Structures are given as C-alpha cells and as structure tokens.
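Data first, discussion second: the structure below is written as structure tokens.
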Amino acid sequence: MRLDELDLRELLEFDPKGGVVRFAGDRALILDAVALGLLRKTLIDTVGTDAARAIFTRFGYAHGRRTAATMKGAVPWESENDWRIAGGRLHKLQGLVVPAPVESSPAHGPAPFVENVWHDSYEAEQHLIHLGRSEGPVCWSQCGFASGYLSYANQREIYCIEIRCRGRGDALCHMVCRPRDEWSEELAPQLVYFDMSSLDAALDQVAKRLRQTERKLRSRREQLASYRAEISEENEAKSPAMIRALELAERVSQVDSTVLVTGESGVGKERFARFIHRKSGRAQRPLVAINCGAVPESLLESELFGHVKGAFTGATQDRPGLFEEANGGTLFLDEIGEITPAMQVKLLRALQEHEVRRVGENHNRSVDVRVIAATNRDLAEEVSSGRFRQDLYYRLRVIELVVPPLRERREDILPLARALLASAAQRTKSPARSFTPAAVEQLHRYSWPGNVRELENALERATVMASGTRINVDDLPSEIGNAAASAWVPGDKRALADVERDYILAVLKANGGNRTKTAAHLAIGPATLYRKLAQYGVSRSL
C-alpha cells in the first residue's frame, strides 16, 4: 500500500452498536477536543506551563513511537519509506491536524528532514479557547507525536519543533523536524520537554511548591483557629460595652501606638491583641506572644532580647529574642504586671530607643516592633505601691483598652456561646450544634467568673458529654447547670416578674422539688407557692 492510499475506513474497526474501537488493530479511544482542552487548562493551572508542556510532549512522543511500531506490521506497505513518513498522514486521518508540505524553509543550514505547515490544529484551537494567546508555540503533543514517530521509524533521534504557531498569534502553525545533530542552539531550550529527567525535575519543583503551599495553608488554618473567638466576638457583639471596645480596637489598629489591654482573667485580652494586629498594616508580619508571668526572671531577658553563644551556661549558639522575631510585626506581652523592677528598666529602654541588646553582646540592634501589653492587675495601684515603674506604665498606656467582663455584657453570651459551640463541636467531632431552651437559661443565669475562657472550656466539655444534636443542662459543668438566678448585674434586662420566677424555680430545684421546704425557704405560704407555680406552668408532679 502506498502512503496516499491510507484510508481511515480501512484502519478503523468498530461495531456500529457500540463496543471496542480499534485503530490499525490496536484499541483506540474517541475523545472530545474540548475535554482535552479543559485537561490542558487544568494541568497548566495545577503544575504550571513548563511542566504541562513536558507532560503533553512526552505523551505525544510515546504515542508517536507506539503508532509507528503498530503501523509497521498492520499495513502491507509498498515501500518502507512510505511507512517512515506516514505520521503526518495519520495525524490528518485522526483529526488532529491537516498537514501540508513546505517546499523551502527560511531556516539556515541543511534542509529539514521533514517540514510541514499545519492547518486546523486542535491544540492551537483549544489553547486559544481556554487560555488565550500564548507567548510560545502550543502544539506540544503534536510535535511530540511527530518526533516519536520519526525517531522510531528512522532509528535515530529526530526532533520536531514549531517555529510558528497560531496559539501565539501567528497566521499558521509551522513545524520543522531535524535529526538531533543537525539542530543548532534552537534545539537547546526545546529539548528539555522531551527529556524524561527534565520532566521529573519539573514535577519535583511542582511538588516542592505544592508542599510549600500546603505548609502555608496549614499555617493559615492554625492562624484562623486562633482567631476564631475574636472573630466571633467581632461579628456577634451585641452589648454596647463590647461594641465600644471593638470600635476602639479597630481605630487603634491603624496607628503604631503602644496599647495596654486590661481586664479580668479570661476576658480575651490576647484575642483583642490579635484583632488589632490582624486589622493593622503589620498583618502580613508575625505576631509573637509571650506570657511574662510564666517565664522565670532569669530567662525572661534572654527570651525577649536574645543571647549570644557563651553568654551563660547552656548558651551553645547565638539566639535572637522575641523582639527580633517580631521585627516588622507585633509583640504581645501578656501579664506585664508580673515582671520584676530590673526587667522593667530594660523593657522601658527597648520601647523608648527601639533597640535591643542580646545578653552577652556589647552593641545594640534596631527593631521595628509594635508592642501590645496586657494585664489583669490594676497597674495604677501597682505604681502607687511602688511595685511598677511609673514611666513604664505611661509608656505602655499610650492607649488603654478595657475589655469588659462577660457578666457585664450578657447580651453577648448566647451569640458567643453559639460560635464557640460550633468551633468546639468541630474539634471534638460532636454532633451537637445548638442548645435546649433550659441550657440557654442556665448560660444566662451563670455569673461567668472565668469569663470567655470559662465559657469556651465549658462548651468543649459539653460537646464531649452531649449525646444528641443539642446541648442540655446536664451536659454543662455542674456549677453552671445548678446556677440559681443571680442578683442584678450590668446588662441584665429581665423584668421584676422574671427575676421572681427565676428565683422561685431555682429554690425549688435546690430543694429537690419539695414544695413545703421551698415555701418555708421563701417565707411564703404553700398556697401562694402553688399558685405561682401554676402560673409558671410547673406541674404538681415536679
């Protein structure tokens, strides 16, 4: 058979009713061009253009060699030369491209081994549709196919390169093939796409970038997890006191002034520090936190300012301090009221001079750090008693942000509890996602001496104890579940009748439902108690 006699109808075998399709005796697939274009876009978006080009080129090369081997024995060729150059004809029969010979080449040097103009290249078409115009040629698998076919058929390395391509804006696609030793410097940048080791290197680089991205995402997830409470308070704050505190924190975030965050233990002072950092221009730099009260005095200086090798026993190498680690970002000094007078002097100098000196070093290092300090102590009282330096107090208290305790913002308890419950349920893989009305009532009754930290811990415990999708009173810690109605606290908007009802029911519960004891405790008659309980809808069987 001559080359020009190849006919698709003789090469294809298939059952019109469906089944396996064979091309030249081997199983073949009919693939949609748009799907292949989408695959190309996905690969480029995932691994980058260079790696995607290497994959398509290597695929085409393998396809070309496989086709050459198959066609050698599948067709009774009139001459072996027809088989050797049949790749272009097969390209056309398979619908990949319509090749046309070129009489002369503009390239210098020996005449090309094969040279064709390609019309209707599906690769150029799909690249333009899904990715737009490229900076270089895009018929990667077709160049690979031609290279693989010719290399196998001629038993020598022959590489085909596009010198023009519609995918990069040329009028047509123009392919030139030469033996490897006849290509000059033009081949060098193209050859890497045929080289399997180069593909492996490209994929190694992709894998490295993916691992770096995964680390960044993991760090981001951890950062978001640390933000969960302050984000909840920012979004869910209902009380005027909390709204004012958040508004002040947002204004403060726009300047670099030192901030002193005060409030009771557990109110969320560190969350406010993170909120300020996240809203500031330093958000892309680190926030470094240290609990000054948890570090021994002998180590605190080294932790904050760093040390040099040999400065003290165990200092085996130079180590930067937290001021240097936070350079460009924010340093959060929790429990600042716990530091000693000697350490107060060194900290004051660092804040005033914007310089630190590592332990054992004789020169200073400049640092650009925004400092946020926090304490649950009354520092003004500490100054009066001589336990805290006045100059450091004023240096830290450029802006003071007071975080109100939870008992003074009772409107925030339920929204905050819902947000913290969702977070705790995710961590503990609990199905609990809401509260029963009785549990909500107990959350409002409790005085929350441990503030937000206590609420967060209580809800984590409740998700572990819960057996259903709702948190009940029995799932809460006993001190919360048994909390009686308390006296009025700021933020409590209950009417007098509601306060009376809550107190009567709390006393009844404390007496195990015994109405006689409850009436005696309340100093009212049994009939009065029965009448009130009936008003509250409490059954006689309680």
Q | Residue-normalised accessible area of the range 286-361, expressed per residue, 1.4 Å probe, Å² | A | 46 Å²
Q) At residue 355 and residue 397, where each label point lies 7 Å from the Cα along Cα→Cβ, what is the point-to-point distance in nanometres? A) 2.9 nm
Q: Place a +1 charge on the Cβ of each Lys and Arg in the range 314-385 and a -1 charge on the Cβ of each Asp and Glu, then give the dipole magnitude about the Cα centre in debye, rounded to the nearest 20.
A: 260 debye
Q) Share of antiparallel DSSP beta bridges in the chain, in percent to the nearest 5? A) 55 percent
Q: Provide the gained length on full extension for the span residue 120 to residue 338, in nm with one decimal, where the gain is 0.36 nm per separating residue minus the Cα-Cα distance.
A: 70.7 nm
(Q) Counting just the Cα atoms, what span does the chain cover along each of its three principal axes? Round to the nearest Å and put the largest first. (A) 118, 76, 42
Q | Relative frequency of Cα-Cα separations exceeding 23 Å in the range 395-478, percent | A | 24 percent
Q) What is the calculated FRET efficiency for residue 520 to residue 467, with r their C-beta to C-beta distance and R₀ = 41 Å, to the nearest 0.05? A) 0.65
Q: Take the Cα of residue 377, step 7 Å along the line toward its Cβ, and report every residue of the range 313-345 whose backbone nitrogen sits under 16 Å from that point.
A: 333-345
Q: Note the full-extension length gain between residue 530 and residue 62 as 0.36 nm times their separation in residues minus their Cα-Cα distance, in nm to one decimal.
A: 159.4 nm
Q) What FRET efficiency do you get for residue 385 and residue 364 if R0 is 22 Å and r is their Cβ-Cβ distance, rounded to the nearest 0.05? A) 0.10
(Q) Give me a comma-separated list of calculated 3J(HN,Hα) values for the range 423-430, in order, Karplus coefficients 6.51, -1.76, 1.60 applied at θ = phi - 60°, integers in Hz, x for any Gly or Pro. (A) 5, 5, 5, 5, 5, 8, 6, 8
Q. Where nothing but the Cβ of Lys and Arg (+1) and of Asp and Glu (-1) is charged, how large is the charge dipole of the chain around its Cα centre, in debye to the nearest 20?
A. 2060 debye
**Q.** Calculated FRET value between residue 46 and residue 309, using beta carbons and R₀ = 60 Å, to 0.05
**A.** 0.85
Q.
Could you work out how much longer the chain between residue 188 and residue 482 gets when fully extended? Use 0.36 nm per residue separation minus the Cα distance between them, nm to one decimal.
A. 97.8 nm
Q) To the nearest 20 debye, what charge dipole does the range 267-329 have about its Cα centre, counting +1 at the Cβ of each Lys and Arg and -1 at the Cβ of each Asp and Glu? A) 520 debye
Q: Round to the nearest 10 and give me the degree value, 0 to 90, for the angle of helix 451-465's Cα axis relative to the longest principal axis of the chain.
A: 70 degrees
**Q.** From phi via Karplus (6.51, -1.76, 1.60), per-residue ³J(HN,Hα) for the range 270-277 in Hz, x at Gly/Pro
**A.** 5, 5, 5, 4, 5, 4, 4, 4
Q. With N residues in the range 50-131, what two-decimal value do you get for its Cα radius of gyration over 2.2 N^0.38 Å?
A. 1.27
Q. When you count, for each residue, the other Cβ atoms within 10 Å and take the mean per peptide, how do 520-528, 21-29, 159-167, 244-252 rank with the highest first?
A. 159-167, 244-252, 21-29, 520-528
Q: Please list the non-local residues whose amide H lies under 5 Å from the amide H of residue 174, H modeled 1.01 Å from N, same-chain partners needing a gap of 5 or more.
A: 118, 163, 164, 165
Q: Would you be so kind as to identify which of 290, 379, 413 lies farthest towards the positive end of the dipole of the chain, taking Lys and Arg as +1 and Asp and Glu as -1 on Cβ and the Cα centre as origin?
A: 413
Q) In the structure shown, do any of 17/72; 238/269; 509/532 have a Cα-Cα gap over 20 Å, and if so which? A) 17/72
Q: Order these peptides, 307-316, 291-300, by their mean beta-carbon neighbour count within 10 angstrom, highest first.
A: 291-300, 307-316
(Q) Between 0 and 90 degrees, rounded to the nearest ten: what's the tilt of helix 33-47 against the longest Cα principal axis of the chain? (A) 50 degrees
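The values are calculated or read from the model by the stated rules, or taken from the named source; none is laboratory data. No experiment lies behind these values; they were computed from the predicted model shown. A quick note on method: Cβ atoms are made from the backbone with ideal geometry, for glycine too, and the neighbour counts reach across all protein chains shown. The protein model used for the area step is the full one, side chains on, heavy atoms only, and it has no ligands, DNA or RNA in it. Shrake-Rupley method; radii C 1.70, N 1.55, O 1.52, S 1.80 Å.
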